[in-house]
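Presented below is the structure to which this report refers.
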Amino acid sequence: LPNLPINTVCYTNGSANEAIYVGADIGVYYMDKTTPWTPFFTNLPNARVNDLQIFYPTGKIRAATYGRGAWETDLFVVATTYTITASAGANGTISPTGAVSVTSGANQTFTITPSACYQIATVLVDGVNNPAAVASGTYTFSNVTAAHTITATYSLKTNAMTGTQTANGTIAPA
């Protein structure tokens, strides 16, 4: 919290994270057990706040200022994040790789790239093979609301060649 005068303090009753709002000379700040002091200016003034009140029926906080009016906005929401663990076997990569943090509701795309002379063999999404990701080389987790895994494996490219023996012991194609 910046070194500045605090004019009012408001505690959220029944908050699992013990949320606290403070009205200061330059706006409103928020903190809870998991979030350090954070400026909270969403639809609130960047001015001296003299009073804060939480209006529980609508989930709003109201800020009163001297000469700038009364302001109202939704209570602060701590963004939930989930981890997508991405890994690749030998002879290729997946990008991004490792533990990737994704905000709840966001999308995350992974690119699967085989090394030279290799092809994508499998792409396991939460343990289930995804042939579309094998074919395209990409996979997107849409509207993430849980932790996930994605694992890629690679195999050596092989080419079948059919030859025929001609008269006098030559093979075609040569």
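Consider segment 107-145 and keep the residues that are in contact (Cβ under 8 Å) with a residue 40 or more places away in the chain and among the aromatic types (Phe, Trp, Tyr). The one that is surrounded by the most Cβ atoms within 10 Å (Cβ to Cβ) is 110.
Of the residues screened, residue 83 is one that is farther than 17 Å from residue 30 by Cα, of a type in the set (S, T, N, Q) and in contact (Cβ under 8 Å) with a residue 60 or more places away in the chain.
If you filter segment 146-165 down to residues that are open to solvent by 60 Å² or more (accessible area, probe 1.4 Å), free of Cβ contacts under 8 Å to residues at least 24 places away in the same chain and in a loop (DSSP other than H, G, I, E, B), you find that the one that is nearest to residue 83 (Cα to Cα) is 158. Residue count for segment 115-130, restricted to those that are farther than 15 Å from residue 86 by Cβ and touching a strand residue (DSSP E or B) at 6+ places or on another chain (Cβ under 8 Å): 6. When segment 101-129 is filtered for residues that are under 25 Å from residue 31 (Cα atoms) and either more than 17 Å from the chain's Cα centre (by Cα) or not in a loop (DSSP other than H, G, I, E, B) (or both), the ones remaining, listed by number, are 101, 102, 103. Taken over segment 17-40, the residue count meeting the criterion of being under 23 Å from the mean Cα position of the chain (by Cα) and without any contact (Cβ under 8 Å) to a residue 40 or more places away in the chain is 7. Checked against the criterion of being touching a Cys at 6+ places or on another chain (Cβ under 9 Å) and crowded, with 17+ Cβ neighbours inside 10 Å, the candidates 75, 52, 44 yield just one match: 52. Residues of segment 79-91 being open to solvent by 60 Å² or more (accessible area, probe 1.4 Å) and part of a loop (DSSP other than H, G, I, E, B), which ones? Listed by number, the residues that qualify are 79, 80, 90, 91. Considering segment 92-106, the residues that are in contact with a strand residue (DSSP E or B) (Cβ under 6 Å, 6 or more places away or on another chain) and over 14 Å from residue 151 (Cβ atoms) include one that is least open to solvent (accessible area, probe 1.4 Å), namely 102.
Taken over segment 45-84, the criterion of being among the hydrophobic types (A, V, I, L, M, F, W, C) and at pLDDT below 85 is satisfied by 76, 77, 78, 79. In the set (1) touching a Pro at 6+ places or on another chain (Cβ under 6 Å); (2) assigned to a strand (DSSP E or B), residue 68 fails one condition alone, (2).
The values are calculated or read from the model by the stated rules, or taken from the named source; none is laboratory data. Fair warning: this is a prediction, and the values are worked out from it, not measured in the lab. In this analysis, Cβ positions are derived from the backbone assuming ideal geometry, glycine residues included, and neighbour counts consider all displayed protein chains. Accessible surface is based on the protein model in full, side chains and every heavy atom, while ligands, DNA and RNA are left aside. Shrake-Rupley method; radii C 1.70, N 1.55, O 1.52, S 1.80 Å.
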